[in-house]
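The values are calculated or read from the model by the stated rules, or taken from the named source; none is laboratory data. Note that the structure is a prediction, hence the values are computed from the model and not measured. Here the Cβ positions follow ideal geometry from the backbone for every residue, glycine too, while neighbour counts run over all protein chains shown. The accessibility values were calculated without ligands, DNA or RNA, using every heavy atom of the protein model including side chains. Shrake-Rupley method; radii C 1.70, N 1.55, O 1.52, S 1.80 Å.
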Amino acid sequence: MKHELQTIVFANSRLHTELLLTYLQQANPHAPGKPEPIRGYRGGYLPNERREIERGLRDARIRGVVSTSALELGIDVGSLDAVVMAGYPGTIAATWQRAGRAGRRSGSSCAVMVASSAPLDQFMVRNPDYFFGSTPEQAFIQPDNLEILVNHLKCAAFELPIASEERFGDVDVPDVCARLAEAGFLHQASGHFHWTHEAYPANTVSLRSVTSDNFVIIDITGEPNVIGEVDFSTALTTVHEKAIYLHGGEQYHVEHLDFKERKAYVKRVDVDYYTDAIRYTQVRVLEIAASSGSLEGAQHAEPLQRLDSLRSDSHSHGDVLVRSQVVGFKKIKFFTNENIGAGVLELPENEMHTTAYWITLKRPLLESLPFSVSERQSGMFGLLHALESVATLLLMCDGRDLGTAIGERPPDAMGTDDFSAVRVEEVAGPNAKEFFEPNLYLFDAYPGGIGFSEPLFRAHELLVHKTRELITACECQQGCPSCIGPAGDLAPRAKEAALAILDRLCA
């Protein structure tokens with residue numbers, strides 16, 4: 001008798017989960033009149049749908065499930081036989097958690113990681129001793145992140161009044177509580193702050209994101225029916241008008257996105273493509289916390305400090321304002337990943353105050369590079385791609401915890417950063433825009449920041465040298481996804497340019 005393994009496949013994003021689910025369902029069609037034996041599981045599915053999938057796994061009615069990190073731990077799905085990880089999860093802890101979903105009760109089990117072309121994946125398969133010889137990462141939170149702190153204090157006050165003398169890290173708790181009192185959430189009496197709001201605060205706290213402002217997704221193919229939800233920032237890229245929204249292996253065309261009511265209206269369709277949003281990300285420096293190459297006060301500095309201020313590069317960290325806007329989308333064909341069309345969008349900008357670490361490439365450095373404008377630009381984008389990969393390894397964080405952008409420091413206002421931004425697809429060709437003195441940003445991808453920028457600033461030298469090792473070790477000629485990402489497809493000497501920049505940074 002043929003034995004079928006009950007298998008869970010982990011993907012690293014909601015989109016990849018739905019794509020793998022679509023491919024697996026098409027490759028393994030279920031019998032007419034029978035329930036689908038392969039299901040998807042991710043954030044955004046409604047609670048009743050998730051509970052039904054969990055029951056199906058426990059009683060083995062469902063033979064396979066494709067999931068995001070939502071099924072890593074904490075949910076009883078019975079005894080699975082095999083785990084397949086489609087790509088490195090991003091951390092050692094997450095890898096072991098995913099592997100541990102199989103064989104939890106009895107019998108043998110199997111866990112397999114299929115490496116993608118991403119730099120971290122390739123590093124892990126080339127350096128297995130790093131994975132098997134290292135301990136899992138520690139959970140990390142920034143206690144004075146205002147977005148997180150306010151929600152924590154709301155929940156704490158609901159459980160028990162907060163005394164004025166209580167401490168929470170280095171935060172001025174009475175001051176924050178006083179502001180919450182002004183907003184109508186707390187009331188101060190007898191030296192304590194009491195919860196007075198009608199709402200239950202924990203309902204608005206998300207364990208997977210900093211904010212909890214969600215859009216409801218409504219299927220209007222027939223009678224209106226709510227099929228899922230998505231957070232605000234994700235809504236801009238996945239359920240914008242004209243998008244193909246993937247849910248449970250089915251395709252839905254987004255008819256309308258209602259920002260006021262926080263609703264996305266979709267209709268079921270049968271198409272052979274999905275959509276990928278085109279987003280601009282722009283960064284402005286609000287306040288520099290520390291910088292290696294500031295000219296301010298250089299004449300009074302020690303000799304080594306004066307020398308550093310005259311370098312052709314500098315690195316800094318501080319508070320930034322990040323603006324992002326979805327300006328269009330591409331149509332990507334299933335299985336072949338061909339680009340078969342595009343569309344233009346006009347969606348509102350999304351702003352976020354966070355923290356960032358950045359490297360400034362000054363004009364003398366750029367002028368010393370023996371490359372064309374497009375090759376220099378491609379090299380910078382490739383360098384930033386590699387820096388992000390190494391940064392996630394040094395910080396032991398998830399790649400989605402960091403965002404990247406390249407911004408211009410205008411020659412007529414060297415103390416400020418404007419909002420000019422260029423995407424990697426626009427740097428090639430005779431009309432490539434030349435950065436005068438670009439900033440290469442790595443920013444915390446959460447409002448308020450969660451503490452990654454300052455450690456990156458302190459580890460600048462290590463970060464730069466390890467990034468050079470990553471690119472140099474790659475056997476490709478002109479750059480590939482395992483080192484400098486898509487920049488290698490735009491300019492034949494992008495990898496050379498990235499290494500030339502790194503040589504000057506390491507000098």
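So what J values fall out for region 321-331 if you push phi through Karplus, 6.51 cos²θ - 1.76 cosθ + 1.60 with θ = phi - 60°, rounded to Hz, Gly and Pro as x?
After applying 6.51 cos²θ - 1.76 cosθ + 1.60, I find 10, 9, 10, 10, 8, 7, 10, x, 8, 10, 9 Hz.
Could you sort the peptides 498-505, 341-348 by per-residue average Cβ neighbour count (10 Å cutoff), highest mean leading?
Taking the mean over residues of other Cβ atoms within 10 Å, the ranking is 498-505, 341-348.
Where does the chain land at 222 nm, in deg cm²/dmol rounded to the nearest 500, when only DSSP H runs of n ≥ 4 count, each adding -39500 (n - 2.57), divided by all residues?
-8500 deg cm²/dmol
Return one quarter of the surface area of the convex hull spanned by the alpha-carbon atoms of region 310-397, equal to its mean projected area, in nm².
9.5 nm²
Could you list, by residue number, the cysteines of the chain that have no other cysteine's beta carbon within less than 4.7 Å of their beta carbon?
Lone cysteines by the Cβ rule: Cys110, Cys155, Cys177, Cys397, Cys506.
Give the relative contact order (percent, whole number) for region 1-109; include only Cα pairs under 8 Å separated by 6+ residues.
Normalised by residue count, the contact order of region 1-109 is 36 percent.
Once phi is turned into θ = phi - 60°, what whole-Hz ³J(HN,Hα) does the Karplus curve with 6.51, -1.76 and 1.60 give for every residue of region 493-507, x standing for Gly and Pro?
So the Karplus estimates, Gly and Pro as x, are 10, 4, 5, 4, 5, 4, 5, 5, 4, 4, 4, 6, 5, 7, 5 Hz.
How high is the relative contact order of region 201-273, given as a whole-number percent (alpha carbon pairs under 8 Å, six or more residues apart)?
Once divided by the residue count of region 201-273, the mean separation gives 27 percent.
Could you report region 448-503's accessible area per residue, 1.4 Å probe, as an integer in Å²?
Using a 1.4 Å probe on heavy atoms only, each residue of region 448-503 averages 43 Å².
With contacts defined as alpha carbon pairs under 8 Å and 6 or more residues apart, what's the relative contact order of the chain in percent?
Relative contact order for the chain comes out at 12 percent.
At a 1.4 Å probe, what is the % contribution of carbon and sulfur to the accessible area of the chain?
Ligands and nucleic acids excluded, carbon and sulfur give 53 percent.
Can you list the HN-Hα couplings for region 455-462, worked out from phi with the Karplus curve (6.51, -1.76, 1.60; θ = phi - 60°), rounded to whole Hz and with x for Gly and Pro?
Listing the rounded values in order: x, 5, 4, 5, 9, 3, 4, 5 Hz.
For the chain, just say rounded, prolate or oblate: build the C-alpha gyration tensor, square-root its eigenvalues into a ≥ b ≥ c, call rounded for a/c under 1.5, and beyond that prolate if a/b exceeds b/c, oblate if not.
Here the chain falls in the oblate category.
Around Ser79, which amide H atoms from residues at least 5 apart in sequence, or from another chain, sit under 5 Å from its own amide H, with H modelled in the peptide plane?
Under 5 Å from the amide H of Ser79: no residue qualifies.
Post the alpha-carbon centroid distance, region 226-296 to region 64-90, in whole angstrom.
Comparing the Cα centres of region 226-296 and region 64-90, I get a distance of 25 Å.
May I ask you to compute the full-extension gain from Arg167 to Glu469, defined as 0.36 nm times their residue separation minus their alpha-carbon distance, rounded to one decimal in nm?
That works out to 104.3 nm of additional length.
How far is the Cα center of region 310-368 from the Cα center of region 158-181, in Å?
About 38 Å separates the Cα centre of region 310-368 from the one of region 158-181.
By how many nm would the segment from Glu52 to Arg458 lengthen if fully extended, with 0.36 nm per residue of separation less the alpha-carbon distance?
Extending this stretch completely gives an extra 141.4 nm.
Taking a probe of 1.4 Å, how large is the accessible area per residue of region 215-289, in Å²?
48 Å²
Counting only DSSP beta bridges with both residues in the chain, tell me the antiparallel percent, nearest 5.
The antiparallel proportion sits near 75 percent.
What residues have an amide H closer than 5 Å to that of Gln188, excluding those fewer than 5 places away on the same chain, when H is modeled at 1.01 Å from N in the peptide plane?
Amide H neighbours of Gln188, under 5 Å, 5+ apart: His194.
Shape call for region 154-288 from the C-alpha gyration tensor, a ≥ b ≥ c root eigenvalues: rounded (a/c under 1.5), prolate (a/b greater than b/c) or oblate?
Verdict is prolate for region 154-288.
Given a 1.4 angstrom probe, what's the average accessible area per residue across region 9-145, in square angstrom?
For region 9-145, the solvent-accessible area averages 49 Å² per residue.
DSSP loop GluC sites (Glu not before Pro) in region 1-96 with at most 13 other Cβ atoms within 10 Å of their Cβ, which ones?
Glu4
Among the listed pairs Lys154/Lys260; Lys260/Lys333; Lys242/Lys263; Lys34/Lys242; Lys242/Lys333; Lys267/Lys333, which are separated by more than 21 Å between their Cα atoms?
The pairs that break the limit, which is 21 Å between Cα atoms, are Lys154/Lys260; Lys260/Lys333; Lys34/Lys242.
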